[in-house]
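Trainee: Before anything else, here's the structure in question.
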Amino acid sequence: MTVTRRWVLAGLLAGVSLPAGAEAPATSPLPRRRGAGAAALPAVGGAEPLVAAAKLGGAVGFVLADAETGEVLEAVAPDVALPPASVMKVLTAGFALDRLGPGHRFATRVLATGPLVGGVVQGDLVLAGGGDPVLDTDMLGDLAAALQARGVKGVTGRYLVWTGALPALERIDAEQPDFVGYNPAVGGLNLNFNRVYFEWKRAGKDWALSMDARAERFVPPVRMARVKVARRSLPVFTYEGRADAELWTVADEAMGKGGGRWLPVRHPWLYAGEVFQTLCAAQGLALPAPILAETAPVGAELARHDSPALESILRDMLFHSTNLTAEVSGLHASQAASLRGSARAMQEWARLRHGLGAHVVDHSGLGGAARVSAGDLVRLLVGLRDSALPGLLKNHGMRDAKGKKQPGHPVQVVAKTGTLNFTSALAGYILPPGGRRLAFAILSADVPRRAALAEVERERPPGGEAWVKRARNLQAQLIERWAGLYA
């Protein structure tokens, strides 16, 4: 359906807070633009030829609205629910900012359950995670150095690792291939986005292999993740998870002369625990093997690392589209006991606060079962127009009809992209110089084609690259058209 008259979106009152359990209104009054007598923008139509020329199959839905009033200026299939891919992170950012606040920080602590006597902890030493999604090896190295500065030389008890600040997930989405680094485990202690670096180099007729937890200053080797070369062509990787190790094989025919890639970690507590043990050993502090703590630790704080403020973390999440950060932020915001429960909590927040009818399955958009309409996304963007969110979105830039950036263009576009196999989404704001801010969402998906893919095809599906290029060209054409009309 193309809307050529003004279509007022439901539920656009920004900042409306409904009591727990209240039903979202079916409609709400049109929000007034600040300042008196703002003239209505003219509605447009006629985008169907652009959609047809893209030859995407499946379905395409988009909405363009005045971000200040919520008046829809153009729409095609605004109520068709499609996979949002990583555009779901816009909803997660709004949820986390609302529940936690932009200044929230995640703490990683080292605790002692007994007194420090002569440099020796009389009890257990505990590495206690606070769910920090951006904790890296250098930060753990600084914690180890802080222990050395405190004069800690040993421990009489155990070395415990606590991850109970968040529920433990072995992976975000069960349908993704085992080896993709963007689908790691999630828990209360996350290191290097729960990825380990696998590097290989040709050495005569064989290869030299290594696994490490590299950051900028520290590159400790990792023992709990191991890899062997297998004489085969496919599959490229196989994975076996054990209680004390993660075992990989890699096909020799895929290795070439050398290379490297991040592989996901499924036992993040063991990974972080081992890396911290190695870093402490470099500071002269020998720790026993890590043990997973079953209960929340109580003890004196010996060292602490606080993450950057949530606002900064979310800005990086939206820029780099980091799945682990999205899941951690959403889980913290909901305080739910499972990812399923957390997704439902965010879905209900979106319904009550912004009138959305979205179906949410996770916080990153990685799960292909999520559904949201372009109309719902624009409702959200209009509702969050005066929040911190617009300032956190990536500068997408104006692009020509072939998707090429146009440097120096006077119109700004800040937006979040989303891509899954045969799914492409873009949502954000168009900022004309001296004009009125516009909110938009464009969703394209060929769900049957995506569902027909075999598992081995999911990382690089046949025809997928060309399909995404056409979808992105359509996005560029629509935005260029809108900017020309309203700049």
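Read the figures in this text as sums done on the coordinates, not as results from a lab. Note that the structure is a prediction, hence the values are computed from the model and not measured. As a convention, Cβ positions derive from the backbone with ideal geometry for all residues, glycine included, and neighbour counts pool all protein chains shown.
Trainee: Skipping prolines and chain starts, which residues have an amide H placed within reach, meaning under 5 Å, of the one on E246, given they are 5 or more residues away or on another chain?
Mentor: A225, R226
Trainee: Fewest first, what order do Y271, Y239, Y429 take by the number of other Cβ atoms within 10 Å?
Mentor: Numbers: Y271 27, Y239 16, Y429 21.
Arranged by neighbour count, lowest to highest, Y271, Y239, Y429 become Y239, Y429, Y271.
Trainee: Sum up the lysine pairs in the chain that clear both bars: alpha-carbon distance under 12 Å and a spacing of 8 or more or different chains.
Mentor: So the count works out to 7.
Trainee: Tilt of helix 310-320 relative to the longest C-alpha principal axis of the chain, in degrees (0 to 90, nearest 10)?
Mentor: Roughly 80 degrees between the two axes.
Trainee: Extent of the range 307-449 along each principal axis, from alpha carbon coordinates, in Å, largest to smallest?
Mentor: Cα extents, longest axis first: 48, 40, 28 Å.
Trainee: OK, next. Computed on alpha carbon atoms, what radius of gyration and Dmax characterise the range 106-307, expressed in Å?
Mentor: 17.8, 58
Trainee: Something else about it: Quick one: 3J(HN,Hα) in Hz for the range 459-472, Karplus 6.51/-1.76/1.60 with θ = phi - 60°, rounded, Gly and Pro as x.
Mentor: Calculated HN-Hα couplings, in order: 6, 9, x, x, x, x, 5, 5, 4, 4, 4, 5, 5, 6 Hz.
Trainee: Next question. Is the C-alpha gyration tensor of the range 156-242 telling us rounded, prolate or oblate? Criteria: a/c under 1.5 is rounded; beyond that, a/b larger than b/c is prolate, otherwise oblate.
Mentor: Because a/c hits 1.5 or more and a/b fails to exceed b/c, the range 156-242 counts as oblate.
Trainee: Rank by packing, highest mean first: peptides 161-172, 141-152, with packing defined as the count of other Cβ atoms within 10 Å averaged across residues.
Mentor: 161-172, 141-152
Trainee: Another question, if that's okay. Would you mind checking which residues have amide H under 5 Å from F106's amide H? H placed 1.01 Å from N; only 5 or more apart, or other chain.
Mentor: It is S307, by chain and number.
Trainee: A further question on this structure: For K394, enumerate residues with amide H under 5 Å from its amide H, sequence gap 5+ or separate chain, H modeled in the peptide plane.
Mentor: Under 5 Å from the amide H of K394 lie the amide H atoms of A415, each far enough along the sequence or on another chain.
Trainee: Ok, one more. So what are the ³J(HN,Hα) numbers for the range 256-265, from phi and the Karplus equation (6.51, -1.76, 1.60; θ = phi - 60°), rounded to whole Hz, Gly and Pro as x?
Mentor: Couplings: x, 8, x, x, x, 7, 7, 10, x, 10 Hz.
Trainee: Starting with the highest mean, order 440-449, 243-252, 346-355 by the number of other Cβ atoms within 10 Å, averaged over the residues of each peptide.
Mentor: 440-449, 346-355, 243-252
Trainee: About the Cα centre of the chain, how large is the charge dipole given +1 on each Lys and Arg Cβ and -1 on each Asp and Glu Cβ? Please answer in debye to the nearest 20.
Mentor: Around 980 debye, computed over the chain.
Trainee: Can you tell me the orientation of helix 339-354 relative to the chain, as the angle in degrees between its alpha-carbon axis and the longest Cα principal axis, to the nearest 10?
Mentor: 30 degrees
Trainee: Considering the values (i) 25.5; (ii) 33.8; (iii) 20.6, which represents mean projected area of the Cα convex hull in nm² as calculated for the structure under consideration?
Mentor: It is the value labelled (i).
Trainee: Here is a further query. Once you sort the root eigenvalues of the Cα gyration tensor of the range 195-259 as a ≥ b ≥ c, which label holds: rounded (a/c under 1.5), prolate (a/b larger than b/c) or oblate (the other case)?
Mentor: Oblate is the answer for the range 195-259, as a/c is 1.5 or above yet b/c matches or exceeds a/b.
Trainee: As a check on your grasp of the helix formula, calculate [θ] at 222 nm for the chain: sum -39500 (n - 2.57) over DSSP H runs of n ≥ 4, divide by the residue count, round to the nearest 500. Working shown, then result.
Mentor: On the way: 11 runs with 129 residues, N = 487.
It lands at -8000 deg cm²/dmol.
Trainee: What net charge do the residues around R261 carry, taking every other residue with its C-beta under 11 Å from that of R261, with Lys and Arg at +1 and Asp and Glu at -1?
Mentor: Numbers: positive: R195; negative: E199.
Taking every other residue near R261 into account, the sum is 0.
Trainee: With θ set to phi - 60°, apply the Karplus curve 6.51 cos²θ - 1.76 cosθ + 1.60 along the range 423-438 and write out the HN-Hα couplings as whole Hz, x wherever there is a Gly or Pro.
Mentor: 9, 9, 9, 8, 8, x, 10, 9, 10, x, x, x, x, 8, 5, 10
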